[in-house]
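J.: My questions all concern the structure below.
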Amino acid sequence: MSDFALRIATWILSRFVSKNDREALIGDLAEEYARRVRSDSRSAAFVWYLRHSFTSIPALVRVKLTRARWPLTLGVALLAYLLVGVAQLIIRWALQSLSARSHPLLILIILVPIILLIAYLAERLRRKSAIMLGAILMIAIAAMTMWSSRNAAMQYQLAYLLVGPCVAFFGTALNWRNRGTP
């Protein structure tokens, strides 16, 4: 087998190994490959190398995912986003049951402290989840604005697009202030 194919296989494997473990793992595989080349044929050693390299990728991916912090942060942010949505539904329902006109600005004014509280609690639960909540809010509001069949006034659309995420980001700042570290 060509050295080029071996380098490609090694490069593919190295994309799945953490930087701390990369040199040791690839070094061990290279040593065993060299030993097998001396005792077997070059092609048999290459097949062994490929089999060991590519069968270890699922385990390496699982380790990376279990060590990663972002899935839990995303989960907390999605839960917070769900709570914001439930709060907005309750506010709309309360305003309709009071025979009040469902004015978008009034809903936003009531929703701002609730978003701030939810973002603050999400950030307390998992660091950087309020930032992710703000990003999710921004993406969701932009998508709803673009694909909504209702045509709200542009100032209300911009208010929702900017105020909601900014309030979520402010929830992060409150936690940093309480922790004493930015």
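J.: Looking at the range 147-156, is at least one residue out of contact with any His (no Cβ under 6 Å at 6 or more places or on another chain), buried (at least 16 other Cβ atoms within 10 Å of the Cβ) and at pLDDT below 80?
T.: Among the residues of the range 147-156, not one is out of contact with any His (no Cβ under 6 Å at 6 or more places or on another chain), buried (at least 16 other Cβ atoms within 10 Å of the Cβ) and at pLDDT below 80, which makes the answer no.
J.: Then there is this: Where residues in the range 62-87 are at pLDDT below 90 and hydroxyl-bearing (Ser, Thr, Tyr), which of them is surrounded by the fewest Cβ atoms within 10 Å (Cβ to Cβ)?
T.: Taking the candidates together, the pick is Thr66.
J.: What are the residues in the range 157-172 that are of a type in the set (Gly, Ala, Ser) and modelled with pLDDT under 75, if any?
T.: Selection gives Ala159 alone.
J.: If you don't mind, another one. Residues that are outside the structural domain of Tyr160 (by TED's automatic domain parsing), over 30 Å from Arg126 (Cβ atoms) and among the hydrophobic types (A, V, I, L, M, F, W, C): does the range 104-113 have at least one?
T.: no
J.: With respect to the numbered conditions (1) closer than 30 Å to Ile118 by Cβ; (2) at pLDDT 85 or above; (3) not polar (S, T, N, Q), which one is the sole condition not fulfilled by Arg92?
T.: (2)
J.: Quick check on this structure: which one of Val47, Val84, Val17 is under 22 Å from the mean Cα position of the chain (by Cα) and not assigned by TED's automatic domain parsing to the domain that holds Ala140? Steps first, please.
T.: On the way: Val47 fails: under 22 Å from the mean Cα position of the chain (by Cα); Val84 fails: not assigned by TED's automatic domain parsing to the domain that holds Ala140.
After applying the criteria, what remains is Val17.
J.: Then there is this: In the range 113-133, which residues are in a helix (DSSP H, G or I) and over 9 Å from Ala77 (Cβ atoms)? Quick ask: steps written out before the conclusion?
T.: Filtering the range 113-133 down to residues in a helix (DSSP H, G or I) leaves 113-125, 129-133.
Passing the criteria: Pro113, Ile114, Ile115, Leu116, Leu117, Ile118, Ala119, Tyr120, Leu121, Glu123, Arg124, Leu125.
J.: Take the residues in the range 1-56 that are under 30 Å from Ala68 (Cα atoms) and outside any helix (DSSP H, G or I), then tell me which one is modelled with the lowest pLDDT.
T.: Ser18
J.: Of a type outside the set (Ser, Thr, Tyr), surrounded by 12 or more Cβ atoms within 10 Å (Cβ to Cβ), in contact with an Asp or Glu (Cβ under 6 Å, 6 or more places away or on another chain) and at pLDDT 80 or above: which single residue out of Ala130, Ala140 fits that description? Outline the logic, then answer.
T.: Details: Ala140 fails: in contact with an Asp or Glu (Cβ under 6 Å, 6 or more places away or on another chain).
One residue alone meets the criteria, Ala130.
J.: Another question, if that's okay. Being more than 24 Å from Ile136 (Cβ to Cβ), surrounded by 15 or more Cβ atoms within 10 Å (Cβ to Cβ) and either of a type outside the set (Phe, Trp, Tyr) or free of Cβ contacts under 8 Å to residues at least 40 places away in the same chain (or both) is the requirement here; does Ser97 meet it?
T.: no
J.: What residue, among those in the range 16-41 that are surrounded by 13 or more Cβ atoms within 10 Å (Cβ to Cβ) and basic (Lys, Arg), is farthest from Asp3 (Cα to Cα)?
T.: Step by step, filter the range 16-41, then rank; the result is Arg22.
J.: Still on this structure, I have one more. Can you tell me which residue within the range 111-143, out of those that are in contact (Cβ under 8 Å) with a residue 12 or more places away in the chain and among the β-branched types (Val, Ile, Thr), is nearest to Val163 (Cα to Cα)?
T.: Val112
J.: When the range 1-14 is examined, which residues are found to be over 13 Å from Ser56 (Cα atoms) and within 33 Å of the chain's Cα centre (by Cα)?
T.: First, the residues of the range 1-14 that are over 13 Å from Ser56 (Cα atoms): 1-8, 11.
If the condition is that a residue be over 13 Å from Ser56 (Cα atoms) and within 33 Å of the chain's Cα centre (by Cα), then Arg7, Ile8, Trp11 are the ones that fit.
The values are calculated or read from the model by the stated rules, or taken from the named source; none is laboratory data. Computed from a predicted structure; not experimentally measured. Positions of Cβ are backbone-derived with ideal geometry, glycine not excepted, and every protein chain shown enters the neighbour counts.
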